[in-house]
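A quick write-up on the structure given underneath.
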Amino acid sequence: MFKKYGNSLIKKMESITISVGKDKIPYEIEINRPFEMMFETCCMHYQCIGQGISFLFKSRILLPEETPAQVGMVNGDCVEMAVVKDDRLTLNVTSQSGNGMTFRVKQNTDLKRLMDAYCQRSGNPGENLRFLFDGQRIVDGMTPEQLDMRDGDEIDAMAQQVGGFFINCDMEHSAPSSQTVQIHAFS
């Protein structure tokens with residue numbers, strides 16, 4: 001059976017319902033057309049693009065490249081649009097020059113994996129960089145959960161500094177005539 005759709009004839013159409021909470025949205029889709037466009041249309045309508053949305057058919061998550069024919073859909077079937085809880089975070093790693101990379105990690109992932117991936121992608125040897133979150137150095141074994149990281153947080157990738165000095169002025173507890181200044185050099 002052919003049906004006129006726009007300027008072309010399309011083989012078989014299925015009329016399905018998309019369930020979003022209490023809303024029921026009728027939707028027509030070609031039996032061999034991937035679900036991708038349907039997903040995008042629904043997400044744009046409900047303004048939920050990129051927010052962990054999944055589409056379920058008979059309790060199974062549908063993939064964008066699948067078609068109604070592949071999953072055995074027929075007229076009148078219902079697809080549920082649901083928010084899927086995702087424990088992954090999007091973290092941004094920014095270099096001193098302002099260049100950034102985005103990574104998706106789980107709360108319990110050792111951040112060494114993220115740091116190694118950043119070094120590999122940026123072409124910087126790991127021993128030349130230090131990673132900081134809210135001014136605290138990130139070391140091997142730390143996780144986003146331990147650092148109380150949130151989705152969208154930023155990690156700074158800083159070049160290691162070698163050498164330098166600091167001045168220790170202990171003037172608080174000494175008399176004006178006996179002030180001491182210590183200069184420490186290190187390399």
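Only the coordinates and a few stated rules stand behind these numbers; no lab work does. Because the structure is predicted, anything quoted here is derived from the model rather than measured. Every residue, glycine as well, gets a Cβ built from its backbone with ideal geometry; the counts of neighbours run over all protein chains shown.
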| message | Give the residue list of trypsin sites (Lys or Arg not before Pro) in segment 106-161 that are DSSP loop and have at most 13 other beta-carbon atoms within 10 angstrom. | response | 150
| said: If I model a spin label at residue 40 and residue 162 as a point 7 Å from the Cα along the Cα→Cβ vector, what separation in nanometres do I get? | reply: 5.1
| said: Under the rule of at least 5 residues apart or a separate chain, name every residue whose amide H is placed under 5 Å from the amide H of residue 155. | reply: 92, 93, 94
| said: Viscosity 0.890 mPa s, temperature 25 °C: what is the translational diffusion coefficient of segment 24-103 from Stokes-Einstein with a Kirkwood Rh over Cα pairs, rounded to a whole number of µm²/s? | reply: 167
| field | Cβ-placed point charges (K, R +1; D, E -1), dipole of segment 88-161 about Cα centre in debye, nearest 20 | value | 220
| said: Full-extension gain between residue 122 and residue 28, please, as 0.36 nm times their residue separation minus the C-alpha to C-alpha distance. | reply: 29.3 nm
| task | Find, among the GluC sites (Glu not before Pro) in segment 14-93, those assigned to loop by DSSP (not H, G, I, E, B) with at most 11 other beta-carbon atoms within 10 angstrom. | result | 65
